[in-house]
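Right, one structure below, let's go through it.
The values are calculated or read from the model by the stated rules, or taken from the named source; none is laboratory data. These numbers were taken from a predicted model, which means no experiment stands behind them. For neighbour counting, all protein chains shown are included, and Cβ atoms are generated from backbone atoms with ideal geometry for every residue, glycine included.
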Amino acid sequence: MLTSQRKKILLQRLASEGHLVAKDLALEWAVSEDTVRRDLRELAQAGQLQRVHGGALPASAAVGDLQVRSQLFTDEKVALGRAGAAMIQSGQLVILDGGTTALQVARHLSPELRATIVTHSPNVAVALAEHPHIEIIVLGGRLFRHSMVNVGASVMEAAAQLRADVYFMGVTGVHPDAGLSTGDAEEAAVKRCLHQRAAETVVLASTEKLLAASAFVVAPLAAASRVVVPAGTPVNTVKALKRGGVNVQRLPKS
């Protein structure tokens, strides 16, 4: 079998089965595991899958920059943002991550809401400024332009002084085995820190993030108090996420 044929089959299998095991494929095709691993490595370098120990998982389409992500599943993100905004109660201290879904949360807050919202995203802070009764705290640090969020030690030092009611965590991968993940090491470190400062962590996950993985693990899936998914999420996907020990809330159909 030619390399190009193997790669095509690998991607087809990954799409249909959701994971690849290098040892099993090597036995099936009567080739060495090194051959399969080389194919997986080259596909990973092309951004077509995420390598994990022993095989591969689907790569998240959400690892592009903010401009790219803003074009993905926009209707879902509006619905998820509206749902997230409805969870925030007056008097709460809330941490709101960066990203396109977080922007939708900020835009859909009730005009009457009186709460304190902490963010390390300048874009989210600007959106929050439209709400006159919201107290806004911005965690400063080095601006990571790819995601338009502040990162680094100063962000985490400031976050260490917080005791938040809820943290809306943004990630690029939500997987029962690979956990909650993102595409940058510093971003992952900041997210872990923010998660530790909140009584509850909620993940609002659009379709491109579900059952996908990125390079840097933030936390196990069960670390989230709740994962909210779009109305059209397949039942099998919901069941797979629940296998990771997390409470999954599927939005009602509109």
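For the reader, a short list of remarks on this structure follows.
- Residue in the stretch 116-127 that is closer than 28 Å to THR233 by Cβ and more than 21 Å from the chain's Cα centre (by Cα) present: no
- From the options LEU143, LEU194, residue that is surrounded by fewer than 22 Cβ atoms within 10 Å (Cβ to Cβ), touching a strand residue (DSSP E or B) at 6+ places or on another chain (Cβ under 9 Å) and closer than 14 Å to THR119 by Cβ: LEU143
- Criterion (touching a residue at least 60 places away in the same chain (Cβ under 8 Å) and closer than 26 Å to GLY173 by Cβ) met by exactly one of ASP75, ASP97: ASP97
- Looking across the stretch 130-146, the residues that are among the aliphatic types (A, V, I, L, M) and more than 17 Å from GLN92 (Cα to Cα) come down to LEU139, LEU143.
- Given (1) surrounded by fewer than 17 Cβ atoms within 10 Å (Cβ to Cβ); (2) more than 23 Å from GLN45 (Cα to Cα); (3) aliphatic (A, V, I, L, M), index of the condition LEU162 fails: (1)
- Within the stretch 203-225, the set of residues being among the charged types (D, E, K, R) and crowded, with 24+ Cβ neighbours inside 10 Å comprises just one member, LYS209.
- A single entry from VAL151, VAL229, VAL246, VAL238 fulfils the requirement of being closer than 23 Å to ALA85 by Cβ and surrounded by 23 or more Cβ atoms within 10 Å (Cβ to Cβ): VAL229.
- In the stretch 207-236, the residues that are of a type in the set (Ser, Thr, Tyr) and either modelled with pLDDT of 95 or more or not assigned by TED's automatic domain parsing to the domain that holds GLY179 (or both): SER225, THR233
- Residue list for the stretch 100-135, filter: part of a strand (DSSP E or B) and buried (at least 18 other Cβ atoms within 10 Å of the Cβ): ALA115, ILE117, VAL118, THR119, ILE134
- Counting the residues of the stretch 136-150 that are in a loop (DSSP other than H, G, I, E, B), within 19 Å of the chain's Cα centre (by Cα) and not polar (S, T, N, Q) gives 3.
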